[in-house]
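Visitor: Next up is a structure, given as structure tokens.
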Amino acid sequence: MAPSAEEIEIIGIRFKKNGKIYYFDPCGLHPQKGEFAIVETARGPEFGDVCMENTMVNVSETVMPLRPLIRIATPADVEHNAQNREKEKDALVICQKKIAEHKLDMKLIDVEYTFDRSK
């Protein structure tokens with residue numbers, strides 16, 4: 001069945017285990033739920049979990065324009081993401097030490113690398 005002019009195809013991606021689902025343009029790709037994907041975000045490319053397969057929804061239910069799904073994650077992407085998570089642990093310790101050294105009145109909540117490590 002062809003989509004109506006009012007519908008658009010989306011895919012749902014989650015970046016944290018129980019985090020919010022964000023919607024992207026699948027760009028003709030069809031990853032399965034539970035696979036990983038690389039998507040374009042305002043912060044640059046990000047690695048996420050496909051939690052909702054391709055679905056047609058009314059345009060009024062989405063925030064346009066949708067950012068694109070870049071690719072289904074490769075084994076190298078999965079490994080790169082795992083390395084990023086390890087680097088985050090190291091960065092958390094370093095930041096906590098700096099906060100203590102400088103006697104800053106703050107509590108560090110989280111440390112996060114973008115997929116390409118640009119941020």
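The values are calculated or read from the model by the stated rules, or taken from the named source; none is laboratory data. Note that this is a predicted model, so its numbers are computed, not measured. Note that each Cβ is placed from the backbone with ideal geometry, even for glycine, and that neighbours are counted across all protein chains shown. When the accessible area is computed, the model is the full protein with side chains, heavy atoms only, and any ligands, DNA or RNA have been set aside. Shrake-Rupley method; radii C 1.70, N 1.55, O 1.52, S 1.80 Å.
Visitor: Return the residues of the stretch 30-82 that are in a helix (DSSP H, G or I) and either in contact with a Lys or Arg (Cβ under 6 Å, 6 or more places away or on another chain) or crowded, with 16+ Cβ neighbours inside 10 Å (or both); say none if nothing qualifies. Before you say what the answer is, go through the steps one by one.
Guide: We begin by selecting, within the stretch 30-82, every residue in a helix (DSSP H, G or I); these are 59-61, 75-82.
Across the stretch 30-82, the qualifying residues are Asp77, His80, Asn81.
Visitor: Restricting the search to the stretch 14-24, which residues are open to solvent by less than 60 Å² (accessible area, probe 1.4 Å) and farther than 12 Å from Asn54 by Cβ? Walk me through how you get there before you give the answer.
Guide: To start, the set of residues in the stretch 14-24 that are open to solvent by less than 60 Å² (accessible area, probe 1.4 Å) comprises 19, 21, 24.
Those that are open to solvent by less than 60 Å² (accessible area, probe 1.4 Å) and farther than 12 Å from Asn54 by Cβ: Gly19, Ile21.
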